[in-house]
Amino acid sequence: MAIETVVLDPASLLVNRKAKQRKADRMDATKMFRALLAYDRGDAAVLSQVRVPSVAEEERQRLVKERTSLTNTIKGLLTLHGVFGLEPRSRTLAATLGEVETERDAVLRPRAAPAPGGASPDGPAAVAPALEVTAPECPAATIAALARLRGIGANDATLLAHEVFYRKFRNRRELASWAGLTPTPWTSGDVQRDQGIGRDGPAWIRAQLVQMAWRWVRFQPDSALSQWFQARTAGARGRIRRVMIVALARKLLIALWRYADTGLVPTGARVA
C-alpha cells in the first residue's frame, strides 16, 4: 500500500480570527487532520500544498543566486569607477571594456605643449575622443565638500557620493523612499496612520546613515537638526531615542543631498 505524503502550507489553514490563537502540537495536528479529511473529500480550498523541489532544482537555485550576487558585485565596481550601462554577463563585455579603457587613456593622456603660432602638434583638427560612458559629476568635489562638514568623515562622504548622490532624485520624498526611510501608510475605513519605515533600500546604507546621525548630534550640537532631535527626546530614553534617530537620519540625508547638489549648508552647521 503506497503512502501519499502531503506537505502543507501552514499559512493556508483556516483559523478563528475572533480571539487570540492558541498554539499546541495537539491542536495543530487536529487542524491538519481535519483539513486533510476535507481535502480528501474534494475541497481543494481548505489547504495549499507545498511542492518540494528536487535536488537538481535546489542546486540550480543556489547557482542562480550566486551568479546574481557576482553580477551585482561587478556592476557595483563598474559604477564606482564611473562606468554605466554594461552587462557583466554579456559576451561582448571584454571587448567593450577594452574600448572604454582605450578612450579613457586617450582622454587622460597629457596633452603636448602647443606648437609656435598656437597650432597643435597633431594639427588643428585633432580632438580628443569623448567617453561614451556616463560618469558622476565631479565625485571628488562632492566628497571634498561633504568632508568639510564637521561630523562627516571621508568614509561617509565617499559612500554618499558614490552610492547615493550620483543618482538623480526628483525631490526629497523620492530620495528618502529610495533609502527605505519613509513610513508605510495603513488605511482602513476612516482610520489612517503610518506604520514603521519601509526598509526598501539597501540596509547597509541605512545603518551608515544612522551612525552619521549620532555623530551629527555629537559634533554639530548647534545645528537645527540636532536641536530638533534634542527637543523631541528631552529626558527620553530607549525606544523613543532610537525611533527619533531614524527620523533624524532621514532629515540629515535630505540636508546633505541639498548641500551636495546646490551648496546649501544645513542650518546652523559648522563647515571647516
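The values are calculated or read from the model by the stated rules, or taken from the named source; none is laboratory data. Everything numeric in this text was worked out from a predicted model, so none of it was measured. Cβ sites come from the backbone with ideal geometry, for glycine too, and all protein chains shown count toward neighbours. Areas reflect the complete protein model, heavy atoms only, side chains present, ligands, DNA and RNA absent. Shrake-Rupley method; radii C 1.70, N 1.55, O 1.52, S 1.80 Å.
So if we plug the beta-carbon distance of V52 and R89 into 1/(1 + (r/R0)^6) with R0 = 25 Å, what FRET efficiency do we get, rounded to 0.05?
The calculated FRET efficiency here is 0.25.
Using DSSP H assignments, which helices in the chain have an axial alpha-carbon span of 18 Å or above and a mean Kyte-Doolittle hydropathy of -1.0 or higher?
Working: long enough: 25-40 (22 Å, -0.36); 55-80 (38 Å, -0.48); 93-108 (22 Å, 0.31); 203-219 (24 Å, 0.21); 239-262 (35 Å, 0.56).
Result, helices passing both filters: 25-40, 55-80, 93-108, 203-219, 239-262.
Going by a ≥ b ≥ c, the root eigenvalues of the Cα gyration tensor, does region 165-234 fall in the rounded group (a/c under 1.5), the prolate group (a/b larger than b/c) or the oblate group? It would help to have the intermediate numbers written out before the result.
On the way: a/c = 2.14, a/b = 1.31, b/c = 1.64.
Taking the square roots of the gyration eigenvalues as a ≥ b ≥ c, region 165-234 is oblate.
Anyone know which of M212, M244, M32 comes out most mobile in the 10 Å Cα GNM of the chain?
So, out of M212, M244, M32, the one fluctuating most is M32.
Just to confirm a number: summing +1 for Lys and Arg and -1 for Asp and Glu over residues other than L70 whose beta-carbon lies under 14 angstrom from that of L70, what do you get?
Cβ neighbours under 14 Å give a net charge of +3.
Distance between Cα centroids, region 158-181 to region 1-20: provide it in whole Å.
Distance between centres, Cα-based: 44 Å.
Assuming R0 = 51 Å, what is the FRET efficiency of L70 and K31, from their Cβ-Cβ distance, to the nearest 0.05?
0.70
For E99 and V6, calculate 0.36 nm times their separation in residues minus their Cα-Cα distance, and state this gained length in nm to one decimal.
27.8 nm
Give the distance, in whole Å, between the Cα centre of region 210-272 and the Cα centre of region 39-95.
Between the Cα centre of region 210-272 and that of region 39-95, the gap is 39 Å.
By the scheme Lys and Arg +1, Asp and Glu -1, what is the net charge of all other residues having a beta-carbon under 10 Å from that of R250? Provide the component values of the computation, followed by the final result.
Details: positive: R172, R206, K251; negative: none.
The answer is +3.
Shape call for region 148-272 from the C-alpha gyration tensor, a ≥ b ≥ c root eigenvalues: rounded (a/c under 1.5), prolate (a/b greater than b/c) or oblate?
oblate
Is the shape of region 1-89 rounded, prolate or oblate, going by the alpha carbon gyration tensor and its root eigenvalues a ≥ b ≥ c, with a/c under 1.5 for rounded and a/b larger than b/c for prolate?
Details: a/c = 4.05, a/b = 2.35, b/c = 1.72.
Prolate, because a/c is 1.5 or more and a/b exceeds b/c.
Would you mind counting up the charge near I197? Only other residues with Cβ under 10 Å from its Cβ, with Lys and Arg at +1 and Asp and Glu at -1. Each step should come with its number before you reach the end.
Values: positive: R199, R206, R250; negative: D194, D200.
The answer is +1.
Roughly how much of E101 is accessible, in Å² to the nearest 10, using a 1.4 Å probe?
E101 exposes around 100 Å² with every protein chain in place.
With Kirkwood radius over Cα pairs in Å defined as stated, name the option among [x] 19.8; [y] 22.4; [z] 24.9 computed from the structure displayed.
Label [z] holds the value from this structure.
Lysine pairs, Cα distance under 24 Å, 8 or more residues apart or cross-chain: how many in the chain?
6
So with the 1.4 Å probe, I'd like the accessible area per residue for the chain, rounded to whole Å².
Per-residue accessible area for the chain comes out at 72 Å².
Once the piece of chain linking V271 and W186 is laid out straight, how much longer is it, given 0.36 nm per residue of separation minus the C-alpha distance between them?
Here the answer is 26.6 nm.
Pick out, from F229, L70, P185, the residue whose Cα sits farthest towards the positive end of the charge dipole of the chain, with +1 on the Cβ of Lys and Arg and -1 on the Cβ of Asp and Glu.
F229
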